[in-house]
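Shown next, in structure tokens, is the structure this report addresses.
Just so you know, all these numbers are worked out from the coordinates, no wet-lab data involved. Everything quoted here is computed from the prediction, not taken from an experiment. So basically every Cβ, Gly included, is an ideal-geometry build from the backbone, and we count neighbours across all protein chains shown.
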């Protein structure tokens, strides 16, 4: 059966000297693994449509019970070219694609999740370089809601009572803010951090108050979101992109902005 989909290329692997395996998150069919024969040849018919962090139209031949479906056509709609030419932007965008791959099952349809990723990538494409972490945080929060584990940030998740003044306890296992410290993983966070996360959770990129990003504790916010996501992954293995992201953050975004982006193709 011939299937047409719109999707975002998350990553690629080399299959043979001339072919690629492509991980695509599509609007219509969810995450797909596709074999693109001849894609590594200089004059491939796929062109640049199979580069990671590319949104396009794709056609493949579907056969039940096959691990890799056969990709036939690919046409680029949005290449996110400026992201790919900037190391810092590429690092954050690659983290979003890696997270999308890490948190989803194959052929589990979720069009809202795909649109959330595209919105975050578009934000990375145009935001100031010293604010690049904001679209990633946006995706981390919004994707949790798309997948059914949206963190509760406006009151105590266990009792529904209003929050007291001062620092509050964030519990990944409980699902958000609680009125007192509970057993298990968690951390104290400032009310400024909580309010920032709450506002980002309901915001859209074009309506978020950017001044809030300048006042929030970035390390605390980063730790909260990372801990929360890891608690909801099926295994304890973090996405590979976290290591590259942490190296970038520890060295400062401006230090890496002119570096050469890494190769987008991995080898099996």
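Taking the highest mean first, how do the peptides 23-31, 191-199 order by number of other beta carbon atoms within 10 angstrom per residue?
With the highest mean Cβ count within 10 Å placed first, the list reads 23-31, 191-199.
At 0.36 nm per residue, minus the direct Cα-Cα distance, what do residue 219 and residue 62 gain on full extension? Give it in nm, one decimal, please. Before the final figure, lay out each step's value.
Values: separation 157, 0.36 × 157 = 56.52 nm, distance 4.49 nm.
My answer for the length gained is 52.0 nm.
Quickly rank 47-59, 163-175 as a protection proxy: mean count of other C-beta atoms within 10 Å, highest first.
47-59, 163-175
I need to check one value: relative contact order of region 139-255, counting alpha carbon pairs closer than 8 Å and at least 6 residues apart, in percent.
In percent, rounded to a whole number, it is 20.
Apply the a/c threshold of 1.5 to the C-alpha gyration tensor of region 2-79 and tell me whether it is rounded, prolate or oblate.
In terms of gyration-tensor shape, oblate.
Take every Cα pair under 8 Å in the chain that's 6+ residues apart, average their separations, divide by the length, and report that relative contact order as a whole percent.
19 percent.
For the residues 81, 241, what sequence is obtained by ranking on other C-beta atoms within 10 Å, fewest first? List each step's numbers first, then the result.
Details: 81 14, 241 20.
Listed from fewest to most nearby Cβ atoms, that is 81, 241.
What is the diffusion coefficient of the chain in µm²/s, taking the Kirkwood radius over Cα pairs and the Stokes-Einstein relation at 25 °C with a viscosity of 0.890 mPa s?
It comes out at roughly 125 µm²/s.
Between residue 85 and residue 45, what's the calculated FRET efficiency when r is the beta-carbon distance and R0 is 35 Å? Round to 0.05.
0.90
Between residue 150 and residue 243, take the C-beta separation as r, use R0 = 22 Å, and let me know the FRET efficiency to the nearest 0.05.
Values: r = 27 Å, r/R0 = 1.23.
It comes to 0.20.
Sorted from fewest to most neighbouring beta carbons within 10 Å, what does the list 80, 213, 242 look like?
Going from sparsest to densest Cβ surroundings: 242, 213, 80.
Taking a ≥ b ≥ c as the square roots of the eigenvalues of the Cα gyration tensor of region 40-153, is the shape rounded (a/c under 1.5), prolate (a/b larger than b/c) or oblate?
Since a/c reaches 1.5 but b/c is at least a/b, the shape of region 40-153 is classed as oblate.
If contacts are Cα pairs under 8 angstrom and at least 6 residues apart, what is the relative contact order of region 100-202 in percent?
Averaging sequence separation for qualifying contacts and normalising by length gives 20 percent for region 100-202.
No solvent, one uniform scatterer per C-alpha: report log10 I(q)/I(0) for region 153-240 via the Debye equation at q = 0.13, 0.16, 0.20, 0.23 1/Å, two decimals.
-0.45, -0.67, -0.99, -1.20
Within the chain, what percent of beta bridges assigned by DSSP are antiparallel, to the nearest 5?
85
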